[in-house]
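The values are calculated or read from the model by the stated rules, or taken from the named source; none is laboratory data. Remember, predicted model here, so these are calculated numbers, not experimental data. As a convention, Cβ positions derive from the backbone with ideal geometry for all residues, glycine included, and neighbour counts pool all protein chains shown. To get the accessible areas, we keep the full protein, side chains included, count just its heavy atoms, and leave off ligands, DNA and RNA. Shrake-Rupley method; radii C 1.70, N 1.55, O 1.52, S 1.80 Å.
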Amino acid sequence: MAFLSSRRLLSQGGRFSQSAHTSRKGPGSNVLRSHVHQSRSLSYLSNGATLNRYASLNAARYSANLLKPYGSPTKSEQYRCLSTSADQNVFDVSEADFVDKVMQQSVPVVLDIHAEWCGPCKQLGPLLEAAVRAENGKVVMAKLDADQNPGLTQQLKVSSLPTVLAVYQGKLVDSFTGMIPEAEVKNFVSKLSAIGGAETEEQDPIKQAETLLESIALELESGKTSPEMVSKLKAIADFEFGEGKQPNAAEKESMDEIRVRALAFLAKCALVDGHPESAKELVSQIQANHPTLVRLPEVSQIIASINLAKEAPLGDEVEDLQGRLAANGKDAEALLKLANYYVSQGNHEEAIDYALKLMRVNKAYEDNAAKTLLLDVFDALGPDHELTKAGRRRMSSLLLV
């Protein structure tokens, strides 16, 4: 059951394009036979033609060749689908909504073609449903009653039941007929899910932007910036969907968060590169245009870092401050200024060390300035950062002394 490309299906001439005899025992009828004419190939599935081709098919034109009722007409309720489902991952489909629910579906579709009289269909259906639900929305199942939709069944070139088609982006990617073991059912569905997941992730601009932001965040943790990083962040801050794409409400929310996170990282780059005023401008932009997103960790952290940088000494003061400490290791002013300096440089480890040294020397210096600085640093780093965890433990031990 390897997945078949549309080109390969065409080269094989279409597995379902042969004429075939089917037999069944309908409700209240004898075993009847019908020659199913299948000379017309269903190309809109096998060769990836546009969906409008299906919408324009005239079923009446081929009425003489369709799967017809066998024996006396049967009441429609006797041909109901095997089961109904309230969830969105397993649903019934008909000729009326086939294009919307199957051909234009955003995720891969397992199309289960069955009939009420078909015993193997009743065995296979629950196995397919279970396998589809196990994928948690990565693939859906559409259930098509062959008797209720004879025209569509004919166009799909179904020669026996049950028939299961795997459809993705309007193309047939795999199929099987008849009852198969449960393990093979799970394998069939998981392969289809993997195809959709890989392609969706590759093509999803939101996912791509989020992945890029995660990699940039790791680089920034080391205190390093680069012109390339800044260029990428500017591009993400201007992130838009491609032309013609109308994002839904959830996508718009994700886009806003991505832009804001990029702006926060840009502000961090500016701060690390020694441009605190630029960092403040970027934060002000976030506060003005996206006030509800100031709560994001990346934003609160850069705000804390900007507040810390206000007290930072200039670079040329550092050597003098270190000289003062060499002469007097208990110089509280020098310890606090150096702690602020290393915060401004993004060197949080050194900043924490100097602030803790100040706490050992004089916890109350300048209204508990060392403790305040440490708490701001921990907020800037976030609660899960290793420096935060270790620093809080060391600070707590000093507070108890």
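Observations on the model:
- From GLU311, GLU319, residue being more than 19 Å from ALA237 (Cβ to Cβ), acidic (Asp, Glu), at pLDDT below 85 and more than 28 Å from the chain's Cα centre (by Cα): GLU311
- Breaking point among (1) among the hydroxyl-bearing types (Ser, Thr, Tyr); (2) surrounded by 12 or more Cβ atoms within 10 Å (Cβ to Cβ); (3) modelled with pLDDT under 85, for SER222: (2)
- Hits in segment 378-401 - residues which are part of a helix (DSSP H, G or I) and in contact with a Ser or Thr (Cβ under 9 Å, 6 or more places away or on another chain): PHE378, ASP379, ALA380, LEU381
- Search result, residues across segment 331-358 that are farther than 11 Å from LEU308 by Cβ and open to solvent by less than 10 Å² (accessible area, probe 1.4 Å): ALA334, LEU335, LEU338, ILE352, LEU356, LEU358
- Of the residues making up segment 368-377, not a single one is touching an Asp or Glu at 6+ places or on another chain (Cβ under 8 Å) and either assigned to a helix (DSSP H, G or I) or open to solvent by less than 60 Å² (accessible area, probe 1.4 Å) (or both).
- With respect to the conditions (1) touching a helix residue (DSSP H, G or I) at 6+ places or on another chain (Cβ under 6 Å); (2) of a type outside the set (A, V, I, L, M, F, W, C); (3) more than 17 Å from PHE378 (Cα to Cα), TYR342 falls short on a single one, namely (3).
- Per-region count, segment 115-146, residues part of a loop (DSSP other than H, G, I, E, B) and in contact with a Leu (Cβ under 7 Å, 6 or more places away or on another chain): 4
- Selection within segment 127-136 - of a type outside the set (A, V, I, L, M, F, W, C) and open to solvent by 30 Å² or more (accessible area, probe 1.4 Å): ARG133, GLU135, ASN136
- Among the residues making up segment 247-265, a single one is small (Gly, Ala, Ser) and under 14 Å from LEU212 (Cα atoms): ALA262.
- Scanning segment 139-150 for any residue that is small (Gly, Ala, Ser), under 24 Å from the mean Cα position of the chain (by Cα) and open to solvent by less than 10 Å² (accessible area, probe 1.4 Å) turns up at least one such residue.
- Residue in segment 215-230 that is of a type in the set (Ser, Thr, Tyr), touching a residue at least 40 places away in the same chain (Cβ under 8 Å) and not in a helix (DSSP H, G or I) present: yes
- All told, ALA304 falls short of being aliphatic (A, V, I, L, M) and open to solvent by 40 Å² or more (accessible area, probe 1.4 Å).
- Residue selected from segment 88-126 under the condition open to solvent by less than 40 Å² (accessible area, probe 1.4 Å) and aromatic (Phe, Trp, Tyr), by the criterion nearest to the chain's Cα centre (by Cα): PHE91
- Of PRO162, PRO150, all but one fail to be of a type outside the set (Asp, Glu) and closer than 16 Å to LEU127 by Cα; the exception is PRO162.
- Annotation note: of GLU240, GLU201, the sole residue that is at pLDDT below 85, within 21 Å of the chain's Cα centre (by Cα), among the charged types (D, E, K, R) and in a helix (DSSP H, G or I) is GLU201.
- Test: residue in segment 178-198 that is on the phi > 0 side of the Ramachandran plot and at pLDDT 90 or above: yes
- Residue ID - modelled with the highest pLDDT, chosen from residues in segment 257-285 that are within 25 Å of LEU374 (Cα to Cα) and of a type in the set (Val, Ile, Thr): VAL283
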